[in-house]
Amino acid sequence: MTSVLVFDSKVLILDKDGFMFNEKRIRIITGHYGSGKTEFAVNYTLGLADKGVKTAIVDLDIVNPYFRSRELEPVFNEKGIRVISSSIKGLAGDLPALSPEVYTVFHDKSYQAVFDVGGDKVGATALGRYHEYLDNEPYDMLFVLNANRRQTKDVEGAVKYLKSIEEGSRQKVTALVNNTHLCGETTIDDIIRGQELCEKAAKELGIPVKYIVVEKRFADMLPKEMEGEVFPIDIYMKRPWEDEA
């Protein structure tokens, strides 16, 4: 049984595993391109909707996107999730055009909103357009960290990259998400190594590690002492050749 409690701009969802998805109403997902941030954003959005709350996903990844959450619009529609993306419809182009529909989630506070933001400083500037709204409403901004990405493979690089996204977006990261993987070649050792990096970076930044993102096959294999909640995911974002397999 799931209970949904709302107070102080936060939604607390109590189920058999305890409090889940307990971020502020506005959730911003960002991180290095190729880190798996869009996969996490997609799984988070679907999980939020499954808990029975009115959900919208805002695809702001419009500058050199690696993957696009809007590609899964049919899946979101089946779940009753509102998809807000580029004002230019279609997936063939990468035109950096923002839809005025984005303002809906700021004005209609019945929505629980997930923002999928671009994976570098330039891409994050799309979020900066809405800074005056975000400055007036509490939000959570989750930085997805993959220790296998070249520019975020150590604490110095991870912190530098995070701060560049903060500068571009004009907003502050509130927590880290460990999503260290090597696609189908991922091992438990990869996840643990990424967690060590994530915890060190979190200590340097003075923020928590919120989630440890893993494929469901790893969910019961992780050490218990890790900081953060285990967030099991399904894989939705596949490369074209993977769909052919």
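Rule-based calculations on the coordinates, nothing more; no lab input. Here the structure is a predicted model, which means the values were calculated and not measured. Using ideal geometry, Cβ is built from the backbone for each residue, glycine included, and neighbour counts are taken over all protein chains shown.
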Put in order of increasing Cβ neighbours within 10 Å, starting from the fewest, Thr125, Thr187 give Thr187, Thr125
Rounded to one decimal in nm, the spacing of the 7 Å Cα→Cβ label points at Lys224 and Glu196 is 2.2
Of the listed pairs Lys24/Lys203; Lys160/Lys224; Lys163/Lys203; Lys51/Lys109; Lys51/Lys203; Lys37/Lys203, those with alpha carbons more than 25 Å apart are Lys160/Lys224; Lys51/Lys203
Scattering profile of segment 24-243 from the Debye formula, Cα beads only, expressed as log10 I(q)/I(0) at q = 0.14 Å⁻¹, is -0.82
